[in-house]
1. Among 206, 276, 72, whose Cα sits farthest toward the positive end of the charge dipole of segment 48-294 (+1 at Cβ of Lys/Arg, -1 at Cβ of Asp/Glu, about the Cα centre)?
2. Between segment 104-167 and segment 321-373, what's the alpha-carbon centroid distance in Å?
3. Just how large is the dipole of segment 131-242 about the Cα centre, in debye to the nearest 20, putting +1 at every Lys and Arg Cβ and -1 at every Asp and Glu Cβ?
4. Can you sort 322, 64 from fewest to most other Cβ atoms within 10 Å of each residue's own Cβ?
5. What does DSSP give for segment 48-294 in terms of the percent of beta bridges that are antiparallel, rounded to the nearest 5?
6. With charges only on Cβ, +1 for K and R and -1 for D and E, what is the dipole size of segment 48-294 about its Cα centre, in debye, rounded to 20?
7. What value in Å³ per residue do you get for the convex hull of the alpha-carbon atoms in segment 48-294?
8. Scattering from the C-alpha atoms of segment 94-140 alone, worked out with Debye: what is log10 I(q)/I(0) at q = 0.33 1/Å?
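Read the figures in this text as sums done on the coordinates, not as results from a lab. No experiment lies behind these values; they were computed from the predicted model shown. Positions of Cβ are generated from backbone atoms using ideal geometry, with glycine treated the same way; all protein chains shown enter the neighbour counts.
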Amino acid sequence: MKQAIEAIAAGKDAGQAAKEGILPESFREAFKLLEELPEQPGSSANFDCDSSLNQLILYISSNCNMACRYCFERGSADKGLRSLALSPEMACKVVDLFFARFPRIRFIKFFGGEPLLYPKVIEQVCAHAETLYRSSCIACMPEFIVVTNGTIMDERIADFLVRYDVHVVFSLDGPPPVNDAARIYPNGAGSAERVIKNLRYLQKKTKGKQPESINAAYSSIHERTGLTVSGLLKYISDDLGIRDSHIVPVDAGSAPDLQLSGTECFAEALSERLHSDDDHSRFWILDALKKKITKKIRSSPLFCEAGVAKFAVAADGGVYPCQMFAGNADFLMGRIDEPLFDNPRFLDARKRLAQRDRFKTAPCSDCFARRLCVGCIGANLYRTGDAYRPDPFLCDLIRVCAEQVILKMVDSAGS
């Protein structure tokens, strides 16, 4: 299989590879499928970016009550923003500004730092958007998402999360001994006990609807303690009662000792899931790959939707492609207190991002999995120093997982 993958990645025709014995005949159709996936309505390639946004991210503040060892903000460019926070009035002004330019905004996401340090901002933005919708100032009500470390929760917060049907994402890396080795308070204390207590409280208030998902960073801590990716999936679904999880390899730039030894742990988990009838939990990599193959949805040539169908507004009023670039002057697209959408800086930056074709940019152009991949220019910048140079580790992860799905697809077709 490795030889076959390398042949296809090098551009060899699948049919010719099969004739030469490099690629088994049964794989020809699988690889042909990847190359000929038609565009489908709803894919990011067809998203109407002129009149719609997929995400407006309100990066409320960089302030956080925790000091996680791998936090990307430790090495980010936004240190000057940490004493700032969006006010409720400023946040509502941002919403008005973007709705005036983009009549449809699918999601408004609250991000930080820790956004629940500023509950008034979130509550008032939700109320303001509802008022706009009820008064017919906007045609569609946006959905709300808050990404939180889970350490802050009380009755008032839970009430408005319920009232505005906010999608809540908690961050938790696993059982207390695992989580508390990296997700810590400034004094070094672990956070798991409080996070789990708040999770149970919110589940009770929402009748199990929220938190909707768990973000977990898989690291060498999991490897050392023997907690596999599949084991972590099981903990999240069985112990916490949450089906959806987003388990990703840790971004270990600020803590290299947390770096994973390889991608095999994810490949093993994917293989287990492919051969399992368990439907109580979902593995995002598997779901994404299967969706693209079975529903024939081709990836957009964009590296990601940042700066095209998604924007982030930071606490100082700066507008960036996404929250990963907050405070980075090289990626500042404009400011909300100045003319924005007709500003040459904004227009030029958005055009550059929209026209950067990863299918024509090495190393993506030579990768067999390019039609299945989902990139992130913010993660690229953080991991490699170049927004358009993907991290080889993540590339290996996607390729290994894509290979597993293709193998299963061909095996199922032949049975």
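1. The residue sitting most towards the positive pole is 206.
2. What the calculation gives is 26 Å, centre to centre.
3. Roughly 280 debye, rounded to the nearest 20.
4. Going from least to most buried by this count: 64, 322.
5. On the way: 1 of 28 bridges.
Taking every DSSP beta bridge with both residues in segment 48-294, the antiparallel ones total about 5 percent.
6. 520
7. 150
8. One equal scatterer on each Cα of segment 94-140 leads to -1.29.
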